[in-house]
Amino acid sequence: MTEKNFSEIMQEVRQCTLCKEHLPHSPNPVLAASESSPLVIIGQAPGIVAHDSSTPWNDRSGDRLRDWLGMSRDTFYDTQCVSLVPMGFCFPGYLKGADAPPRKECAPAWHDLLFSRIKPEMTLLVGRYAQKYYLPQYKTLTEAVAQQAQTHSGMLVLPHPSGRNNRWLTRHPWFEDQVVPLLKKRVRTLITDRIA
């Protein structure tokens, strides 16, 4: 049997209907990836704007994330630089006035297959859902962000850039004072040769 190429895998992911009966809209997996991306960003799940535009991080959270990365919109959406793979691929709807948690079917079904082909030099885990899945040893997101910022591993944990986290950012000024400059430096080093 011939091994599938990456575009065939991506086509399968985009046609996924695993959790169709649990979604408020027709399935629309929203991600952007290539095998050659040196940076992978694993977020939560697309919001309604991302769902409607089929573009990940296409909202104010994405603007703040790109600011943290020191990255232009063009570079952010260049899959030769960045792969954007959420924990849940489709908009999960709302729960108690906020976006519902990402569906639990996506990551176990697709992440291993995708990351067997994408071999990033750095992975950003954005938000508690990605952190709990990939680095469950940390009791809180705050602990994970602080600890991972001190290591030189290939993973870095970030709070979700949603406006709902403004209180967290205010209570933890060290994140924007210390972690964000480190993040910008590491990302710049990683992708400079890709955009030169």
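Only the coordinates and a few stated rules stand behind these numbers; no lab work does. A quick note: this is a predicted structure, and the numbers were derived from the prediction, not measured. Heads up, the Cβs are rebuilt from the backbone with ideal geometry, glycines too, and the neighbour counts pull from every protein chain shown.
Total residues in segment 177-196 satisfying the condition of being farther than 20 Å from Thr75 by Cα and more than 19 Å from the chain's Cα centre (by Cα): the figure is 2.
Is it true that Asn28 is in contact with a helix residue (DSSP H, G or I) (Cβ under 6 Å, 6 or more places away or on another chain) and over 25 Å from Pro108 (Cβ atoms)? So Asn28 fails the test.
Filtered by the rule that a residue be touching a strand residue (DSSP E or B) at 6+ places or on another chain (Cβ under 8 Å), more than 14 Å from Lys132 (Cβ to Cβ) and not hydrophobic (A, V, I, L, M, F, W, C), segment 148-174 gives Gly154, Pro161, Arg164. Restricting segment 68-83 to residues that are part of a helix (DSSP H, G or I) and free of Cβ contacts under 8 Å to residues at least 40 places away in the same chain leaves a set whose member that is surrounded by the most Cβ atoms within 10 Å (Cβ to Cβ) is Phe76.
Conditions tested, residue by residue: (1) farther than 17 Å from Leu84 by Cβ; (2) under 11 Å from the mean Cα position of the chain (by Cα); (3) in contact (Cβ under 8 Å) with a residue 40 or more places away in the chain.
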site	(1), (2), (3)
Tyr129	no, yes, yes
Thr140	yes, no, no
Val145	yes, no, no
Gln148	yes, no, no
Ser153	yes, no, no
Val157	no, yes, no
Arg167	yes, no, no
Thr170	yes, no, no
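Yes or no: segment 84-97 includes at least one residue that is under 15 Å from the mean Cα position of the chain (by Cα), surrounded by 14 or more Cβ atoms within 10 Å (Cβ to Cβ), part of a helix (DSSP H, G or I) and not acidic (Asp, Glu). Checked against the condition, which is being under 15 Å from the mean Cα position of the chain (by Cα), surrounded by 14 or more Cβ atoms within 10 Å (Cβ to Cβ), part of a helix (DSSP H, G or I) and not acidic (Asp, Glu), segment 84-97 yields no hits at all.
Counting only residues that are free of Cβ contacts under 8 Å to residues at least 60 places away in the same chain, in a loop (DSSP other than H, G, I, E, B) and hydroxyl-bearing (Ser, Thr, Tyr), which one in segment 1-35 is surrounded by the fewest Cβ atoms within 10 Å (Cβ to Cβ)? Step by step, filter segment 1-35, then rank; the result is Thr2.
Considering only residues that are of a type in the set (S, T, N, Q), in contact with a Pro (Cβ under 8 Å, 6 or more places away or on another chain) and under 22 Å from Cys19 (Cβ atoms), which ones fall in segment 36-60?
Selection gives Gln44 alone.
Listed by position, the helices (runs of 4 or more DSSP H) inside segment 137-196 whose residues that are exposed (fewer than 13 other Cβ atoms within 10 Å of the Cβ) number at least 2 are 166-171, 180-195. Hey, could you check segment 112-136 for residues that are of a type in the set (A, V, I, L, M) and in a loop (DSSP other than H, G, I, E, B) and say which is surrounded by the fewest Cβ atoms within 10 Å (Cβ to Cβ)? Checking each candidate, the answer is Leu135. Test Pro56 against the criterion of being over 26 Å from Thr189 (Cβ atoms), in contact with a helix residue (DSSP H, G or I) (Cβ under 9 Å, 6 or more places away or on another chain) and surrounded by 22 or more Cβ atoms within 10 Å (Cβ to Cβ), and give yes or no. It is false that Pro56 is over 26 Å from Thr189 (Cβ atoms), in contact with a helix residue (DSSP H, G or I) (Cβ under 9 Å, 6 or more places away or on another chain) and surrounded by 22 or more Cβ atoms within 10 Å (Cβ to Cβ).
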